[in-house]
Each structure stands twice: as structure tokens, then as C-alpha cells.
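Just below is one structure, and these are the notes that go with it.
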Amino acid sequence: MKSIICITIVLVSCLLPANCLGTSANFSSLITGYTKVTTKGSKTDTIKGTIYYQSLGTLIFVIHSPVTQWIVYQDKAIIYYYPNEKIAYRFKRAANVQSSSPQAFLGLAGDDLGLPGLGYTLRKKEIADKNLRLYWQPPKTMRDAVKEVILTLNDDHLSAIEIVDVNSKSLLTYQFSKYMTFKTKAFPMEIVTIKNTGTVPSREILTYQTPQFDVPLPASITGFHLPADVTVQECSG
């Protein structure tokens, strides 16, 4: 299970804005609405909010529904702030916390997601249904749980990522669609995540609405600080 968690973090980090990964981005800032619908068994949860990103280091998720919540990514911490309740939880991290963001974000980092530099080996290529499929074998440290990672490309766009276990069972799948283009770079406006790692499979549909590139961020975002009357609880995790 530890190997599955590690590879999930690696892949999700590849879906963050390019500057969060130390590479050049096609945009300096971004504001976009988003909706995330998660279905697990008979239960469905919907989250709606806005993402604010700036290449200098700002990454904030403002959730509007079902609760009012800010998720603020800082160099060595993540802050979960509830303005209505006047309470915040600060989780300290030693590493770049942006790279472990749970939300799949815009900005795919190349067709191979940087896997070769992480010790992955391209085992096989094949064409199926007009799609190019690349089969990547993980490094030895992950082979106890993960057999391979399959990347599927369609029309030069990354359309799917699948993590397969040693028994050839699909553990986790990302599906990308509804691409838009900004400065020749394509971005998926819808990302579907299918998880089969628990006792009950789950399906998450993440959609972005009306993204705005290279626009000024509100002062409340760039100058974010917790109000003096907010109770802050320091947490580890």
C-alpha cells in the first residue's frame, strides 16, 4: 500500500502547475472555478470552489460549498482555514507541500510525466484504437505493489493514466478530457479519477470552469494572512 501511495503522490504532483515542479509554465497566474463530485457506494459529495495560482508561490483553494473553507499552500505548511468558525489548522511539512496537493490541477508535465527521471523504464509501446499506450515499469522499490503505469495518448494529448498492481488489477485511473488551449499548451477541463484501492471503489469528476490566465489575483489572495481573532491549531501530518 505504501508504494501505491507514493506513486499516487508522484503522478498527482505531475498535474500541478508547471512552476510548482520547477519547470517553466505557459502562464504566470490563473483563476478558475472548479466542481468536484465524488461518488463512493451510494454516497455522493459535491464540492464547489475557486483555485487561485501565481507562479511566485501562491496556491489557494477557496471552497464555497458545502462549507466555506480556504486551503492555503505555503512553503512548509498547509493551512485549512474556516472563516465562519474563526478557526484554522496548520499542518507543517518539511518538503514542498504543493507537490502533494490532493487535487489534480492543470499543467501536464510532458507526455512521460517525468517518469524516466524517477527511475521508471519504458517497457512497451503499442497502438490500440488510434491511441498510443506507453507501459512504464516502476523502480524496484515499488514493484511489491505496482506492476506498471500505463499512459494513453490521443491526438498528442495525455488522455489517461492507469496504475496496475502485481495481479494486473487496475488500482487507480485518471482520465483527461475536454481540452482547451492557451499559448499552444493544452489543458484538460475535466479529470475523472477512479480508485479501486479500498473496499468500496470511488469515482471523482473534477471539472474546471472559465479559467482566466495571466490575470491579477485579488489582494485578499496575494496578501493572505489569518485574522488576529482566528484560533490556530498547530498539527503534524
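Remarks
- Put simply, the amide H of Asp144, placed in the peptide plane, has no neighbours under 5 Å, leaving out anything fewer than 5 places away on its chain.
- Equivalent-ellipsoid semi-axes of region 169-222, from the Cα gyration tensor, Å, largest first: 30, 16, 8
- Entries in Lys36/Lys178; Lys147/Lys195; Lys43/Lys195; Lys43/Lys147; Lys48/Lys92; Lys40/Lys147 that, when Cα-Cα distance is taken, lie over 19 Å: Lys43/Lys147; Lys48/Lys92; Lys40/Lys147
No value in this document is a laboratory result; all are computed from the given coordinates. Because the structure is predicted, anything quoted here is derived from the model rather than measured.
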